[in-house]
Amino acid sequence: MGKVVADISVSLDGFVTGPDPDLAHGLGHGGEGLHTWVFEGDAVDREVLTAATDATGVVVMGRRLFDIIDGPHGWNDEIGYGADLAAPPPILVVTRNPPDHARLGDRVTFVVDGLHSAVAKARAMAEERDVVIMGGGETVRGAVDAGLTDELRLHLAPVLLGSGTPLFTGAAPRQLRQIHGRVSGHATHLTYRLG
């Protein structure tokens with residue numbers, strides 16, 4: 001059975017978006033530096049991205065992130081999960097109010113009975129592959145706080161955003177064990193085991 005992995009890029013000051021994220025600015029204003037490692041990365045970044053994408057069986061995300069990736073500036077045939085790898089894993093979106101129509105179509109299932117249910121469904125669907133909870137910040141934080149994740153992967157970007165969407169504000173105290181770290185020219189990729 002695969003792992004449940006919370007995977008997200010974060011600034012040095014703890015933000016997963018810059019200020020005021022919206023459909024045109026999914027990473028907030030000035031937040032693009034969070035994903036430099038994804039789009040302009042070196043060989044280490046590419047290895048990290050490819051390994052994670054290849055291991056993913058199902059993606060779980062919150063509704064706000066879904067609205068961005070399903071929006072006019074979101075994923076398309078060239079850019080999707082795994083950036084230009086454009087992998088097509090099934091996506092489970094945690095929401096109380098599913099939209100009437102989704103541009104991403106058949107790949108998306110809306111889960112209205114909470115994050116616990118979405119992770120349980122994703123585990124069943126993923127079989128031997130990983131379930132990746134990719135965000136946004138509130139969804140990742142909620143999964144970690146609820147003990148739903150086996151690992152937390154942070155891609156620490158060398159940017160200071162000053163404000164935006166914080167990753168761990170109000171998170172429950174918890175001890176993590178660092179099990180892996182890799183450094184590139186654009187990020188420090190850290191993996192923690194949650195226990």
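Calculated on the Cα set of the chain, radius of gyration then Dmax: 15.4, 42 Å. Counting only DSSP beta bridges whose two residues both lie in the chain, roughly 45 percent are antiparallel.
Taking θ as phi - 60° and the Karplus parameters 6.51, -1.76 and 1.60, the scalar couplings of the stretch 39-55 work out to 9, 10, x, 9, 4, 5, 4, 5, 4, 4, 5, 5, 4, 5, 5, 4, 7 Hz in sequence order, x denoting glycine and proline.
Close amide-amide hydrogen proximity is noted between Val4 and Val131, Asp150, Glu151, each under 5 Å apart and 5 or more residues distant or on a separate chain (H modeled in the peptide plane; Pro and chain starts excluded).
Placing a label point 7 Å from the Cα of Arg177 along the Cα-to-Cβ direction, the residues of the stretch 112-151 whose backbone N falls under 20 Å of that point are 144-151. Taking amide H as placed 1.01 Å from N in the peptide plane, Gly136 has its amide H under 5 Å from the amide H of Gly62, Leu65, each at least 5 places away in sequence or on another chain. Charging the Cβ of each Asp and Glu at -1 and of each Lys and Arg at +1, and nothing else, the dipole of the chain about its Cα centre rounds to 700 debye.
Of Ala146, Gly105, Val5, which is farthest towards the positive pole of the chain's charge dipole, taken about the Cα centre with +1 and -1 on the beta-carbons of Lys, Arg and Asp, Glu respectively? Value computed over the given set: Ala146.
Full extension of the chain segment joining Leu104 with Met1 gains 34.4 nm, where the gain is 0.36 nm per residue of separation less the Cα-Cα distance. Of the GluC sites (Glu not before Pro) found in the stretch 68-171, the ones in coil according to DSSP and having at most 10 other Cβ atoms within 10 Å of their Cβ are Glu78, Glu127, Glu128.
The GluC sites (Glu not before Pro) of the stretch 7-61 meeting both criteria, a DSSP state outside H, G, I, E and B (loop) and at most 13 other C-beta atoms within 10 angstrom of the site's C-beta, are Glu40. The Cβ shell under 10 Å around Arg182 holds other residues with a net charge of -2, Lys and Arg each +1, Asp and Glu each -1. Within the listed set Pro88, Pro173, Pro19, the residue fluctuating most in the Gaussian network model of the chain (springs between alpha-carbon atoms under 10 angstrom) is Pro173. Segment Asp42..Thr169, full-extension length gain: 42.6 nm, with 0.36 nm per residue of separation and the alpha-carbon distance subtracted.
Throughout, read-outs are computed from the coordinates displayed, never taken from laboratory work. On a predicted model such as this, the values are computed, not experimentally measured, just so you know. For neighbour counting, all protein chains shown are included, and Cβ atoms are generated from backbone atoms with ideal geometry for every residue, glycine included.
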